[in-house]
1. Taking residue 240, is it among the hydrophobic types (A, V, I, L, M, F, W, C) and free of Cβ contacts under 8 Å to residues at least 40 places away in the same chain?
2. When you go through 344, 392, 380 one by one, which is the residue that is more than 30 Å from residue 187 (Cβ to Cβ) and touching a Pro at 6+ places or on another chain (Cβ under 9 Å)?
3. Which of the helices (runs of 4 or more DSSP H) contained wholly in region 167-260 include at least 2 residues that are among the aliphatic types (A, V, I, L, M) and within 30 Å of residue 331 (Cβ to Cβ)?
4. Please name all residue pairs, on different chains or six or more residues apart, with Cβ atoms under 9 Å, provided the first residue is in region 167-191 and is more than 29 Å from residue 206 (Cβ to Cβ) and the second residue is acidic (Asp, Glu) and open to solvent by 70 Å² or more (accessible area, probe 1.4 Å).
5. Only one of 178, 152 is out of contact with any Gly (no Cβ under 9 Å at 6 or more places or on another chain), more than 22 Å from residue 351 (Cβ to Cβ) and of a type in the set (S, T, N, Q). Can you tell me which?
6. Since residue 261 meets every condition but one in (1) under 23 Å from residue 156 (Cβ atoms); (2) in contact with a Ser or Thr (Cβ under 9 Å, 6 or more places away or on another chain), which condition does it not meet?
7. Could we say that residue 260 is in contact (Cβ under 8 Å) with a residue 12 or more places away in the chain, closer than 29 Å to residue 61 by Cβ and open to solvent by less than 20 Å² (accessible area, probe 1.4 Å) here?
8. State the number of residues belonging to region 120-145 that are on the phi < 0 side of the Ramachandran plot, assigned to a loop (DSSP other than H, G, I, E, B) and open to solvent by 50 Å² or more (accessible area, probe 1.4 Å).
Amino acid sequence: MDRTATRFCLIVIVAVLATANIVAQQAPSASGPDLQPNSKTEEAGVKRVVDGIMQPYLAQEQRTVGGHLWRRSPYLGAIVAVSLHGHRYFFTYGKATDAGAPFTRETLVEIGSCTKTFTTTLFALAINRNQIVPDAAAQKYMPNGYTLRAQQLTPLELADFTSGMPDDPTNLPRGLEQRSIEHYTVRDFLTWASNYQPRTRLPAPYKYSNAGIGLLSYLVASATGKTWEDQMNAEILQPLGMNDTTLRPTPEQQRRLAQGHNRAGQDAPRWPVYAWYAAGGLRSTAHDMISFGEAYLGHSEVNGKQVSAELIGAMQLAQKPIFTMPNGNKQAMAWVNNMRGGNPVILKNGGTAGFGSGIAICPTKDAAIFIGMNQAGAQPISKGVEILRRLP
C-alpha cells in the first residue's frame, strides 16, 4: 500500500472506529503514584531488569554518540519510571544537582522533543473533533496575516515529518539565549515558515523537523481558537493530574529542577523557550510522564481521574503508524513504532543542551517507561526500549 492510501486509511478508518477501539483496548487503570505493587516478586523483577541495564550504562566514562565524544559528568544522574500492569516503580541513580541532591519522582527535567507527543495529541483531538482536516492545505489554518509559499503543505505532513522542512529555522541567531522567544519572536518564526519552499514533491521523504511541529502547533491553535498552552492545560495536564509539566516553571518548581550537563560533562544552561516551543519546550517529572504513558496505554483512570474516551481516542490516533521508514520502523504522529525485537514498542526521545530523555509504551505488555538523565547526548530511549522488551 502506498503512502497516500495509508494516510487515507489512517484518517478515515481510525476516526470511524475510534470509539469501538477504545472499549476493546482499554487497559487496567492506574490510580496514582503511590500504588502498592502487585507483589514483591514483580517489584523485584522490574528492579532486576532496570538495574541490570541502567547501572552499566551510567557507569561508562565516555563513548561516541552520533559522531560526538561524550564524557560522563561527575554529577550524572537519572530517574527511571516504569508502569507495569498499572503498578508504578521508580528507580533513581546518581545526582540531580551538582550539590548532590538526589533524583526523586518530583524532580523536574527538560524533556525536549518528548514535547512533540503532547502537540500531536492536541492535533489528533482537533482531527477527531472535525476542527482541522489533516490532508487539507495548511494555509487554511495559518494565523491571520501569514501566507505560505508552500501551498501544497498539509498539517499531517508536519506531524509525520514528511514536510521537507529543516530541523530548525535557518535564520536563527548563533547564541542559544539569543534564540529565545524574546529575541527570535513568534513573528520571526511564522515569517520564516511562510517563506519555506519544499525542494521536492510532498509528501517528502522522512526528515525530522522541530520547526515543522512548531508550525503545526500554530495551525492547531488557529483551527481551535485556543493557544497551545491553554489546550495543553485543559485537554491533557489537568485531566491526567500532571501538575508539574510546564513550559515555564514556577519558582517552587525551579527549585526542583535538575542541573543539566553538556556532552563534555560541564554544566549546561537552561533550555530557552523558543518560538517553536511546542516541539521541545516542556519540563516535567517522572511522576507526570509515567502518567502520560499510562494514558497512552489506554488506561481508563490515571492519578485517580477518569480518562475520557475522547482523549484515549486521540492518543490512539497519534500513535497509529502512517508509513514505514527505511529501517523498518513505522512513523506515526511524532511517535515511532519500533517493530524490531518482538513486541512493538512505541517511543519518542528528547534532548536539550543539558538533558536526555525518552518515553515509550509496550501495549502488549501493558507497560510504559520514562527515563530522564541530566546530561545531553545520553540517548536513554534505547535503554528504555531494552528494558520494556525484557520485562516479563
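The values are calculated or read from the model by the stated rules, or taken from the named source; none is laboratory data. This structure is a prediction, so every number in the text was calculated from the model and none was measured. So basically every Cβ, Gly included, is an ideal-geometry build from the backbone, and we count neighbours across all protein chains shown. All accessible areas refer to the heavy atoms of the entire protein, side chains included, with ligands and DNA or RNA removed. Shrake-Rupley method; radii C 1.70, N 1.55, O 1.52, S 1.80 Å.
1. So residue 240 fails the test.
2. On the way: 392 fails: touching a Pro at 6+ places or on another chain (Cβ under 9 Å); 380 fails: touching a Pro at 6+ places or on another chain (Cβ under 9 Å).
Answer to the check: 344.
3. Working: elements: 186-194, 210-224, 228-231, 251-254.
Where helices (runs of 4 or more DSSP H) fall fully within region 167-260 and carry at least 2 residues being among the aliphatic types (A, V, I, L, M) and within 30 Å of residue 331 (Cβ to Cβ), they are 186-194, 210-224.
4. Listed pairs, sorted by first residue: 183/177.
5. Working: 178 fails: more than 22 Å from residue 351 (Cβ to Cβ).
It is 152.
6. Only one criterion is unmet by residue 261, namely (1).
7. Values: in contact (Cβ under 8 Å) with a residue 12 or more places away in the chain: yes; closer than 29 Å to residue 61 by Cβ: yes; open to solvent by less than 20 Å² (accessible area, probe 1.4 Å): yes.
It is true that residue 260 is in contact (Cβ under 8 Å) with a residue 12 or more places away in the chain, closer than 29 Å to residue 61 by Cβ and open to solvent by less than 20 Å² (accessible area, probe 1.4 Å).
8. 5
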